[in-house]
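Okay, structure first, notes after.
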Amino acid sequence: MTELSANFLLAANPVITNPLTADPAALVYRDTVYLYTGNDEAPDNNHFYQMKKWLCFSSTNLVDWTPHGAPLSLTNFVWASSDAWAGQVIERQGKFYWYVAVTAKGGKAIGVAVADSPTGPFKDARGSALVSNEMTTATKINWDDIDPTVWLDADGQAYLFWGNTVCYYAKLKENMAELDGSIQTVDVPNFTEAPWIHQHGGIYYLSYATGFPEKTAYATAPKITGPWTYRGLLAEFAGNCNTMHQAIIDYQGRSYFIYHNGGTQPNGGSFRRSVCIDYLNYNADGTIQRINQTSEGVARAVAQWAPVTEKKTTATTGARK
Ligand code: CA
């Protein structure tokens, strides 16, 4: 299949404009992409973030998205007071774990919710913060415990990375709801926030928001525990928005950069954001080419189910849905 097939229809960015979606995380599960976002509800861009719940959408082509409502909200965490900020969902042994940042007593904190389905409903997995402000002291700010990203390594060990101005990580126990061992820091330059861990071609990638307004930088490593080598920027500023927050996935033979900008009109902006998707391309040495942030978005992803050379073997080729 090429992009110039019958399915050559572009998504247009932002891909979701109503409701307003921010801080995307994506999970590929059984040939479906699940997109998890925050929900900006500030009335205009003179107000700070107003975020009370998290949203879920799914797609099998990255162009057409099915909303699944808000399977998780602040009310699910009785110990949290406000700020349904960025999170990520991961699957382990048929359960889905959603790590999120919220405000709690003492500052920002990380909670974890669990569900039997990628679309929820999710419930608090422990009834308290997984990470609270006093557990991390590499900086004196009380908003350093945000933006969790979670990784399940091939040996079955799970890791949580998070942070603001300092990038922290720790092992997770097999129940995914408790830290296992001490909290470590990752030494990467100009780390602002929004870490995202992924793997491609046997290389580990740690991408993150850098500077402010934010761009996206990244580092690579041979193992999840490092050592991390800084590789530079992979994305410039997001349009009309002072934050950048990325998810990176492989799906149906291509790689994608999922982020937000302030492009929805009228009244899009730093506190009224919307999710966008563009292609991400690797060089042969594993470095990442600079993202081309487009208004056109990506073409419909098509299942990579058969080599082109076998295309004329039967009349029913192409019938798979
Ligand atoms: Ca802290």
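Bear in mind that the values in this text are calculations on the coordinates, not laboratory data. Only a predicted model underlies this, so the values are computations on that prediction, with no experimental measurement involved. All Cβ positions, glycine included, derive from the backbone under ideal geometry; neighbour counts span all protein chains shown.
Tallying residues that are under 19 Å from Thr287 (Cα atoms) and surrounded by fewer than 19 Cβ atoms within 10 Å (Cβ to Cβ) within segment 252-272 yields 3.
Taking residues in segment 126-142 that are over 15 Å from Val112 (Cα atoms), and partners anywhere that are part of a loop (DSSP other than H, G, I, E, B) and within 8 Å of the ligand (Cβ to nearest atom), the pairs with Cβ atoms closer than 8 Å and at least 6 places apart or on different chains are Asn133/Asn142; Asn133/Asp144; Asn133/Asp145; Met135/Asp145; Thr136/Asp144; Thr136/Asp145; Ala138/Asp144.
What number of residues in segment 218-249 are within 19 Å of the chain's Cα centre (by Cα) and among the aromatic types (Phe, Trp, Tyr)?
Of all residues in segment 218-249, those within 19 Å of the chain's Cα centre (by Cα) come to 218-220, 224, 233-239, 241-249.
So of that shortlist, the ones also among the aromatic types (Phe, Trp, Tyr) come out as 218, 237.
Result for segment 218-249: 2.
Quick one: which residue in Thr210, Thr192, Thr243, Thr229 is among the β-branched types (Val, Ile, Thr), farther than 22 Å from Thr37 by Cβ and touching a strand residue (DSSP E or B) at 6+ places or on another chain (Cβ under 8 Å)? Lay out the reasoning, then the answer.
Details: Thr210 fails: farther than 22 Å from Thr37 by Cβ; Thr192 fails: farther than 22 Å from Thr37 by Cβ; Thr243 fails: farther than 22 Å from Thr37 by Cβ.
Result of the check over Thr210, Thr192, Thr243, Thr229: Thr229.
Could you grab me the full set of residues in segment 47-57 that are touching a residue at least 40 places away in the same chain (Cβ under 8 Å) and surrounded by fewer than 18 Cβ atoms within 10 Å (Cβ to Cβ)? Walk me through how you get there before you give the answer.
Of the residues in segment 47-57, the ones touching a residue at least 40 places away in the same chain (Cβ under 8 Å) are 47-50, 54, 56-57.
Within segment 47-57, His47, Phe48, Gln50 meet the criteria.
Screening segment 88-123 for residues that are surrounded by fewer than 18 Cβ atoms within 10 Å (Cβ to Cβ) and closer than 16 Å to Leu74 by Cα and picking the one that is nearest to the ligand (Cβ to nearest atom) gives Gly107.
Within segment 163-177, count every residue that is assigned to a strand (DSSP E or B) and small (Gly, Ala, Ser). Let's see the steps before the verdict.
If we filter segment 163-177 for residues that are assigned to a strand (DSSP E or B), which is where we start, we get 163-164, 166-172.
Add one more test, that the residue is small (Gly, Ala, Ser), and what stays is 163, 170.
Here the count works out to 2.
Among the residues of segment 60-78, are any within 16 Å of the ligand (Cβ to nearest atom), without any contact (Cβ under 8 Å) to a residue 24 or more places away in the chain and in contact with a Ser or Thr (Cβ under 6 Å, 6 or more places away or on another chain)?
no
Note on segment 81-106: residues that are in contact (Cβ under 8 Å) with a residue 24 or more places away in the chain and farther than 20 Å from His245 by Cβ amount to 8. Selection over segment 143-159 of residues that are more than 16 Å from the ligand (Cβ to nearest atom), out of contact with any Leu (no Cβ under 7 Å at 6 or more places or on another chain) and farther than 14 Å from Ala209 by Cβ gives a count of 7.
Look at (1) more than 14 Å from the ligand (Cβ to nearest atom); (2) surrounded by 15 or more Cβ atoms within 10 Å (Cβ to Cβ) and you find that Met135 fails only one, number (1).
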